[in-house]
Amino acid sequence: MTAAIAQPTRRWRDGAICRHADPTLFFPEADDHVTIAQAVAVCRSCPVINACLADALDTRDGHGIRGVLTARQRQKPPAAPRRPVRNHRQYPT
């Protein structure tokens, strides 16, 4: 008897709006800003945008537009958290 290996679930894809769109829309050339904007508009209206982006980041997907980000945008390291600037100078009163 062999045990089945559990595969990660990707049921979120069932609710993705892009399932009904032309797949080439989400794989434009890097300088095709019109198509990129069209794909991002589809992503912005999608109910599974967060799950899509999380999956793209978790799997290090380096192709296409996922969760409103291009592959290049997903490769950038996250910005360091901003800390409040504190002035330690003593001003005379």
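The values are calculated or read from the model by the stated rules, or taken from the named source; none is laboratory data. Quantities reported herein were computed from a predicted structural model and do not represent experimental measurements. The accessibility values were calculated without ligands, DNA or RNA, using every heavy atom of the protein model including side chains. Shrake-Rupley method; radii C 1.70, N 1.55, O 1.52, S 1.80 Å.
For residue 22, the accessible surface of its heavy atoms amounts to roughly 90 Å² (probe 1.4 Å, protein chains only, rounded to the nearest 10). Solvent-accessible surface of protein heavy atoms, probed at 1.4 angstrom with all chains present, puts 59, 24, 70 in the order 24, 59, 70, largest first. In the assembled protein chains, residue 13 presents an accessible area of approximately 90 Å² (probe radius 1.4 Å).
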